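Below: one structure, written as C-alpha cells.
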Amino acid sequence: MIEAATIARCFDKGAARYDNLAQIQNKVSDSLFASVLPEVVDAKHIVDLGCGTGRLLSKCQAHNPLAELTGVDCSSAMLDVAASKVSGGNWLNQDLVDIALGAESQCLVLSSSAMQWVPIEQALKEAARVTKVGGHIAISTYLDKTLLEWRRLWRAETLEMPTEDQCVDAAEKVGLSIKRVETNWQTQWCDGFEAAVSSVRGLGAGANRRSSKGLFGRREFARIRENVNAQVLKFGAFPMRYHVVSMLAIKEC
C-alpha cells in the first residue's frame, strides 16, 4: 500500500480545491448518505472514517443535529475544511486502521472514498471495534479496476485497491453481518489531458508509489498527453472511470 504520510501530503495539497474537483466523490458520498438516512436519524454517535472536507458529516448534522459527530482523516488540511462546515464536531488526525475511539462507542460508522487507501480488512476490523452491538457500518470504496484507462497510459496497471470479493470477505472475517452490497461505475469525462491530470492530482490520487523519474519524464509525459488529446478529438472526452462498491453491514455481537 502507499504510505499514509504520502497520502496525507497529497490530500493536504488538494484540500482547498477538493470540493470543486470531487465530482465523482461527491456523487458517491451523496448516494451513501441517502442509503443510510434512517440510520443517521436514529444514531446518537456517528463517525466518518476518512471524512475529508466533511460533506457526509454536514449532511448528518442537518438531519440529526443532536448526534455527536466525529471525523477521522489522515489530512489535517482536510479536517480544517471539515471543521468549518460542521459545528461542534470532534476531529481526529489519524490513520483509519488505528483510531483513538473507545470500543463500541459509535452507533453508525460511515466511510466514503477512503478505505481504498488502506488494507480493507484492517480498516473494517477497526470500524467494527468502535461500533456498538446493533450498530451499522456503511462504506463506499473504490475497486481494483478504478481509473484503469488512465493507469494503462502511465503503464501502472496494478493499483492496490480491493476487489468486491475482498471487501465482502473482509467484512465477514471481522464478524460483520452484511445487509446490502452494490457495485456501480461512475465516470468523469475530461475534455483534455490537463483536465484529467488536474482531477487526479487535486483529489490526492496522484499518490502512487510506482511513480518514478522515468515514468514521468518529458517524453513519457508528451506521449500520454498526445494519446489523451487524440481520444478527446475522436470521442469528445476522455473517461476517468471509478468502480464503486457500497456496503451496509450490522454488528450483531
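Brief remarks follow.
- Residue count for the stretch 116-129 satisfying the condition of being surrounded by 23 or more Cβ atoms within 10 Å (Cβ to Cβ) and touching a Gly at 6+ places or on another chain (Cβ under 7 Å): 0.
- The set of residues in the stretch 1-52 that are within 16 Å of residue 86 (Cβ to Cβ) and small (Gly, Ala, Ser) comprises 15, 29, 43, 50, 52.
- If the condition is being in contact with a Lys or Arg (Cβ under 7 Å, 6 or more places away or on another chain), open to solvent by 30 Å² or more (accessible area, probe 1.4 Å) and farther than 22 Å from residue 181 by Cβ, then the stretch 133-157 contributes 149, 157.
- All positions within the stretch 26-63 that are outside any helix (DSSP H, G or I) and more than 17 Å from residue 137 (Cβ to Cβ): 52, 53, 54
- Counting only residues that are in contact with a helix residue (DSSP H, G or I) (Cβ under 8 Å, 6 or more places away or on another chain) and of a type in the set (Lys, Arg), the stretch 179-203 holds 2 of them.
- Restricting the stretch 38-65 to residues that are free of Cβ contacts under 8 Å to residues at least 60 places away in the same chain and basic (Lys, Arg), the residue that is least open to solvent (accessible area, probe 1.4 Å) is 59.
- Some residue of the stretch 53-64 being within 17 Å of the chain's Cα centre (by Cα) and of a type in the set (A, V, I, L, M, F, W, C): yes
- Within the stretch 132-189, the set of residues being more than 30 Å from residue 217 (Cα to Cα), free of Cβ contacts under 8 Å to residues at least 60 places away in the same chain and of a type outside the set (Ser, Thr, Tyr) comprises 165, 166, 169, 170, 172, 173, 174, 185.
- Exclusive hit being in contact (Cβ under 8 Å) with a residue 24 or more places away in the chain, buried (at least 24 other Cβ atoms within 10 Å of the Cβ) and within 26 Å of residue 133 (Cβ to Cβ), set 111, 105, 35, 75: 111
The values are calculated or read from the model by the stated rules, or taken from the named source; none is laboratory data. The structure displayed is predicted, hence computed values, not measured ones. Cβ sites come from the backbone with ideal geometry, for glycine too, and all protein chains shown count toward neighbours. Heads up: the accessible areas ignore ligands, DNA and RNA and are worked out on the full protein's heavy atoms, side chains in. Shrake-Rupley method; radii C 1.70, N 1.55, O 1.52, S 1.80 Å.
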